[in-house]
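Student: The structure follows.
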Amino acid sequence: MTPPDSITALVGRLRQGDTRALARAISLVENDAPEAPALLSACFPSTGRALRIGITGAPGAGKSTLVDRLARAFRETPEGRDHNKTVGVVAVDPTSPFTGGALLGDRIRFQNYQGDPGFYARSMATRGTLGGLALSTADVALVLEASGKDVILIETVGVGQDEIEIARLADITLVVLVPGMGDDVQSLKAGVMEIADIFVVNKSDREGADRVEQEIRALQSLAPDHPVHTPPVIRTTATTGDGIEALVAAINEMQQWLLQENRLGARRAQHWRRRLDAMLRTELMRRARQNGFDAKILHFHAARIASGQQDPWQLVAQLTEKVFAPGNSS
């Protein structure tokens, strides 16, 4: 276990832009190392200023290329405009069935940014997690924020209709669609319509882009209540960069809207309510395991419940009282 003074030194180095320190810190968090809570606690005071942008959509929608183009747009300083923002990327990839790690990953993506101190990308494996994100994605994003990144781009694995977790983490959520990928309307109905702050019709040089945009706008018109914010529909062709400037403008407009009437603060408060719930569950289970509640006990009682020998509701009350009785705290 890393000594506390080493954690302080590590966080100090990553705040100063040390890429190796940043990589080490992210590895500790992603691997749920014993020192991870102390590390995150030390990082927390330096967070809250970055804009988190989630990019989600079905596999094959071109999310990775879109993330690459967005990162370039934020890093560059076009004439007459002030971008030049530092960028961090968290790319969540499918888990390799052989190594347990991320398939492809940042060794293939973002090779054009080698040597750029204002850019850092990290690929993460889902490790079986549903919802398009790895369990530690939020913590990795927090470490990236602490390193001074202005914009955090979070690309989900692309699991389709179940992919709504990103809206609980990102400040702004982009839903990426492409022409010719089946029943577009059905995919929008399944919860994706509600999480989008901006719709991106990527590969819009393909036939059918008009139809996808029309379907989005038709569904928006059928909403029972007029929303305070109607997500814009932006067409892009990420491979050529077409539409990226318009997308960045839409992101900036959305950010300004969120800053009005404390909307951004309200979103982040909702995020932390969910995070606190998850953190409390994790900590309670950790303490339960320390006090003897392990998988063997769980399997033993599960078999007894299945055979009708135990009442699960009474059992839970008894186990909770036993595990968290005075004197058992750790």
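None of the figures in this text is laboratory data; all of them are computed from the coordinates on show. Since we're looking at a predicted model, the values are computed, not measured. Reconstructed Cβ throughout: ideal geometry from the backbone, glycine too, with neighbour counts over all protein chains shown.
Student: Hey, what did the stretch 212-311 get for relative contact order, percent, Cα under 8 Å, at least 6 apart? Mind dumping the intermediate values first?
Tutor: Working: 22 pairs, mean separation 9.2, N = 100.
Normalised by residue count, the contact order of the stretch 212-311 is 9 percent.
Student: Whole-Hz Karplus ³J(HN,Hα) for the stretch 20-32, in order, using 6.51 cos²θ - 1.76 cosθ + 1.60 and θ = phi - 60°, x for Gly and Pro?
Tutor: 5, 5, 4, 4, 5, 4, 5, 5, 4, 5, 5, 8, 6
Student: I want the local charge near ASP171. Using Cβ-Cβ distances under 13 Å, sum +1 for each Lys or Arg and -1 for each Asp or Glu among the other residues.
Tutor: Working: positive: ARG49, ARG52, ARG168, ARG263, ARG267, ARG268; negative: GLU145, ASP150, ASP197.
Net of charged neighbours comes to +3.
Student: Moving on. Check which residues have an amide H placed less than 5 Å from ILE55's amide H, if you skip close sequence neighbours.
Tutor: So ILE55 has HN proximity to ILE154, GLU155, THR156, LEU174.
Student: If neighbour count is taken as other Cβ atoms inside 10 Å, put LEU284, LEU169 in order from fewest to most. Intermediate results must be reported in sequence, preceding the final value.
Tutor: On the way: LEU284 13, LEU169 20.
Fewest to most other Cβ atoms nearby, the residues stand as LEU284, LEU169.
Student: Whole-Hz ³J(HN,Hα) for each residue in the stretch 296-305, computed from phi via Karplus 6.51 cos²θ - 1.76 cosθ + 1.60 with θ = phi - 60°, x for glycine and proline: what do you get?
Tutor: Result, rounded to whole Hz: 4, 5, 4, 5, 4, 5, 4, 5, 5, 5.
Student: In what order do LYS203, LYS85 fall by count of nearby beta-carbon atoms within 10 Å, going from fewest to most?
Tutor: Working: LYS203 24, LYS85 18.
Sorted ascending by nearby Cβ count, the order is LYS85, LYS203.
Student: Obtain the nm distance between the two label points defined at SER6 and ARG287 by a simple spin-label model: each point lies 7 Å from its Cα along the Cα-to-C-beta direction.
Tutor: 2.8
Student: Here's a follow-up. Each label point is 7 Å from the Cα along the Cα-to-Cβ direction; what then is the distance between the points at ARG275 and ARG211, in nm?
Tutor: Placing both labels 7 Å along Cα→Cβ, they lie 4.2 nm apart.
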